[in-house]
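> Sharing a structure here in structure tokens format.
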Amino acid sequence: MKLVIFLGLLVVVQIVSSSEELGSLEQEWPKFKTKFNKSYPDAKEEAKRKAIFEATLKRVKEHNKKYDAGQESYSLGINHFADLEGHEVPTGLLIPKGETAS
């Protein structure tokens with residue numbers, strides 16, 4: 001369920017062109033922190049967030065390879081939630097299936 005919510009957030013919040021190539025972790029981590037004005041209180045917290053970001057980056061890249069091969073109908077991108085675990089993502093961002101936004 002957490003994975004479904006996480007992937008849903010990636011799709012809802014930011015859909016990007018698959019032509020936007022994502023680089024290595026060492027390239028993308030500083031870009032992510034700069035783009036979304038991320039800072040962490042200490043090295044331990046930064047290491048934790050970097051590991052979460054790394055897993056997210058891997059999932060996005062794997063999904064987008066499938067998209068490029070025609071196996072998926074949408075591409076994913078990195079957004080400001082990419083360093084958060086599923087339970088940390090603010091709730092209420094997804095509308096349950098069958099309901100409408102008010």
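Every number in this text was worked out from the coordinates using simple rules, so none of it is lab data. Every value quoted in this text rests on a predicted model; they were computed, and no experiment measured them. Methodologically, a virtual Cβ is constructed for each residue, glycine included, from the backbone with ideal geometry; neighbour enumeration extends over all protein chains shown.
> Taking the Cα-to-Cβ direction at LYS61 and at GLU46 and moving 7 Å from each Cα, how far apart do the two end points lie in nm?
Modelled inter-label distance: 2.2 nm.
> Around PHE32, under 10 Å between beta carbons, what's the net of Lys plus Arg minus Asp minus Glu among the other residues?
On the way: positive: LYS31, LYS33, LYS35, LYS38, ARG49, LYS50; negative: GLU28, ASP83.
Residues near PHE32 contribute +4 overall.
> If you filter segment 38-69 for trypsin sites (Lys or Arg not before Pro), then keep DSSP loop positions with at most 16 other Cβ within 10 Å, what is left? Walk me through the numbers before you get to the answer.
Details: sites: LYS38, LYS44, LYS48, ARG49, LYS50, LYS58, ARG59, LYS61, LYS65, LYS66; in loops: LYS38.
Sparse-neighbourhood loop trypsin sites (Lys or Arg not before Pro): LYS38.
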